[in-house]
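The values are calculated or read from the model by the stated rules, or taken from the named source; none is laboratory data. Everything numeric in this text was worked out from a predicted model, so none of it was measured. Glycine also receives a Cβ, built like all others from the backbone with ideal geometry; neighbour counts cover every protein chain displayed. What goes into the accessible areas is simple: the full protein's heavy atoms, side chains included, and nothing from ligands, DNA or RNA. Shrake-Rupley method; radii C 1.70, N 1.55, O 1.52, S 1.80 Å.
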Amino acid sequence: MSALYLGVDAGNSKTAALVCDVTGTIAGAGRSGCGDIYGAAGPEAAVAEVLAAIDAALAQAGAGRADIVGAAFRLAGVDWPEDRAYWENALAGRYPSRSILNDGYAAIRCGEPSGVGIAVAAGTAAAIAARGPDGALWDMGWWGQHAMGALGLASEAFRAVNLAELGLGRETALTATLPAHYGLSSVAELNHWFTRREGAATHPQKAGCARVVTATAAAGDPVAVEIVRAQGRHLATYAGVAARRTGLTSVGGAVGVVLTGSVLMADASPVAEAMLAELPAHVPGAVPHRSALPPVAGAALDALGEGGVPLAGAVLDRLMGSLPPKAFFET
């Protein structure tokens with residue numbers, strides 16, 4: 001077996017792993033459940049899910065751990081030094097040549113092969129990370145003070161309809177569209193389901209109404225429009241923090257900003273439109289890239305790049321051409 005490289009992207013909804021050779025050709029892929037030490041039943045459960053995804057990818061490749069010469073772990077929940085130390089301990093005996101970072105970094109190389117730039121991911125939640133020209137790193141982690149991504153859209157819409165119901169907020173078409181999405185007849189029923197002690201809506205179920213919020217905004221509802229615009233504004237603002245903290249704005253010139261995640265990558269996404277309208281004010285020289293690759297592919301590219309493999313066009317083309325089917329990446 002020739003030398004192989006491993007990329008892992010672990011989040012709350014799923015963990016994905018790709019194994020590729022030095023040419024960028026993917027030899028194996030695997031996926032499993034929650035790999036976030038904050039979101040899983042316990043840290044050990046998160047480790048088990050990450051290892052399960054890797055083992056599935058290695059099995060498909062007909063390879064073993066000893067064949068991995070470089071690995072990039074991009075893991076939700078690597079937010080503080082002790083989180084990274086936990087993972088270093090968990091992986092040390094299995095993958096001696098590795099890098100461990102927050103999952104926000106995974107997407108940077110999906111649009112910026114150099115690995116220098118900003119990634120803005122908005123899926124179920126949001127992750128923002130940046131790598132500067134001198135290697136400085138910054139990721140949003142627990143610094144984010146606004147709910148963003150699909151859960152952010154859902155929570156703001158939920159707040160809006162409840163305030164409207166109480167006569168404390170503006171009337172909004174969301175009062176009808178939000179309960180209807182869940183097959184409920186009123187805001188009162190929605191409030192009960194979202195908050196009750198037993199059988200309450202899960203985070204994925206709550207996040208599922210994000211498209212209803214953006215569709216209601218597209219139909220012209222002023223309250224929904226403001227929710228969408230606020231989402232774009234928040235994402236652009238934190239991208240600006242990432243740029244400043246990593247020196248991307250101090251050198252002048254173009255700054256690559258990679259957009260990824262279901263909220264930003266949806267067709268005609270109004271959140272992406274709102275973010276891009278705000279971005280130049282926060283990241284001078286921003287050059288947006290809509291990622292054609294899933295974040296786990298960026299993790300695989302990190303493993304290759306960190307292993308000294310030049311990420312020329314041929315490597316990117318082979319990796320893109322050998323990706324698993326789209327269904328593999330769907331949550």
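Laid out as a table, the results:
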| read-out | value |
| --- | --- |
| Whichever residue in the stretch 28-43 is within 17 Å of the chain's Cα centre (by Cα) and of a type outside the set (A, V, I, L, M, F, W, C) and, among such residues, is surrounded by the fewest Cβ atoms within 10 Å (Cβ to Cβ) | Tyr38 |
| Any hit, the stretch 3-20, residues being of a type in the set (Ser, Thr, Tyr), modelled with pLDDT of 95 or more and in a helix (DSSP H, G or I) | no |
| Condition check for Met140: surrounded by 19 or more Cβ atoms within 10 Å (Cβ to Cβ) and closer than 23 Å to Val223 by Cβ | no |
| Within the stretch 198-214, tally of residues that are assigned to a loop (DSSP other than H, G, I, E, B) and of a type outside the set (Asp, Glu) | 6 |
| Failed criterion for Ala46 (all others in (1) without any contact (Cβ under 8 Å) to a residue 40 or more places away in the chain; (2) out of contact with any Gly (no Cβ under 8 Å at 6 or more places or on another chain); (3) surrounded by 24 or more Cβ atoms within 10 Å (Cβ to Cβ); (4) of a type in the set (A, V, I, L, M, F, W, C) hold) | (2) |
| Every residue from the stretch 167-185 that is open to solvent by 40 Å² or more (accessible area, probe 1.4 Å) and under 21 Å from Ala215 (Cβ atoms) | Arg170, Glu171, Ala173, Thr175, Ala176, Thr177, Ala180, His181, Tyr182, Gly183, Leu184, Ser185 |
| Wholly enclosed helices (runs of 4 or more DSSP H) of the stretch 244-331 bearing at least 3 residues open to solvent by less than 20 Å² (accessible area, probe 1.4 Å) and not hydroxyl-bearing (Ser, Thr, Tyr) | 270-282, 295-306 |
| Ala157 vs. criteria in contact with a Phe, Trp or Tyr (Cβ under 6 Å, 6 or more places away or on another chain), open to solvent by less than 30 Å² (accessible area, probe 1.4 Å), within 28 Å of Met265 (Cβ to Cβ) and of a type outside the set (Ser, Thr, Tyr) | no |
| Members of the stretch 36-74 found to be in contact with a strand residue (DSSP E or B) (Cβ under 8 Å, 6 or more places away or on another chain), among the acidic types (Asp, Glu) and more than 22 Å from Tyr105 (Cα to Cα), listed by number | Asp55, Asp67 |
| Tally, over the stretch 49-72, of residues that are charged (D, E, K, R) and open to solvent by less than 60 Å² (accessible area, probe 1.4 Å) | 1 |
| Residue, surrounded by the most Cβ atoms within 10 Å (Cβ to Cβ), within the stretch 1-27, restricted to residues that are among the polar types (S, T, N, Q) and over 17 Å from the mean Cα position of the chain (by Cα) | Thr23 |
| Residue that is surrounded by the fewest Cβ atoms within 10 Å (Cβ to Cβ), among those in the stretch 116-127 that are at negative phi and assigned to a strand (DSSP E or B) | Ala126 |
| The lone exception for Ala45 - which of (1) more than 29 Å from Arg290 (Cα to Cα); (2) hydrophobic (A, V, I, L, M, F, W, C); (3) part of a loop (DSSP other than H, G, I, E, B) it fails | (3) |
| Residues (of a type in the set (A, V, I, L, M, F, W, C), surrounded by fewer than 20 Cβ atoms within 10 Å (Cβ to Cβ) and not in a helix (DSSP H, G or I)) located in the stretch 73-115 | Trp80, Ala92 |
| Residues of the stretch 303-331 classified as over 15 Å from Leu6 (Cα atoms) and of a type in the set (Gly, Ala, Ser), total | 5 |
